[in-house]
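The values are calculated or read from the model by the stated rules, or taken from the named source; none is laboratory data. These numbers were taken from a predicted model, which means no experiment stands behind them. Cβ atoms come from the backbone with ideal geometry, glycine included; neighbour counts cover every protein chain shown. Surface accessibility is based on the protein's heavy atoms, side chains included, excluding ligands, DNA and RNA. Shrake-Rupley method; radii C 1.70, N 1.55, O 1.52, S 1.80 Å.
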Amino acid sequence: MNIYESSENYLEAILSLRERHGMVRSIDIANELHFSKPSVSVAMKKLRESGYIEMDKDGLISLLPAGEEIAKRIYERHQLLTRFFTYLGVSPEVAAADACKIEHDLSEETFQKIKEHALGKGGLSQP
């Protein structure tokens, strides 16, 4: 599944906003990611055309199964890597920023080993 990092960030933001607020609109994504409304509108159109999201007549955005899968994968990586870096002594702000930088590029094999190590050693618990 090839998808650009920016699309992964949008899908992750949609999932995160949905978990916090129950519903998501383009303006919420623009505010969350500090992007302009027109930039978000262009991105939402591309995500709709790619089959990752749908938007209802009121402008509420929902993840479709393919988008949900990607969003959950990236969100899990972000959460676990942030917690792992914090556990190592990195400040929460730096840990979150670093997790965001590597969550997209880290191989599945490496992520699974980090996950096994982090969760298997009793250092971290599942959220």
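Details
- Only helices enter the 222 nm calculation for the chain: every DSSP H run of n ≥ 4 contributes -39,500 (n - 2.57), and dividing by all residues gives -21500 deg cm²/dmol, rounded to 500.
- The apolar share of the surface of the chain, taken as the fraction of accessible area on carbon and sulfur atoms (1.4 Å probe, ligands and nucleic acids excluded), comes to 54 percent.
- Sites excluded, trypsin sites (Lys or Arg not before Pro) in DSSP loops with at most 14 other C-beta within 10 Å, longest stretch of the chain: 58-120
- For the chain, the solvent-accessible area works out to 60 Å² per residue, with a probe of 1.4 Å and every protein chain left in place.
- Most mobile of Val24, Val90, Val40 in a GNM of the chain (Cα contacts under 10 Å): Val90
- In Å², nearest 10: area of Met44 left accessible to a 1.4 Å probe: 0 Å²
- Three-way shape label, the range 1-119, alpha-carbon gyration tensor, a/c 1.5: prolate
- Here is the tail figure for the range 1-46: Cα pairs spaced more than 18 Å apart come to 22 percent of all pairs.
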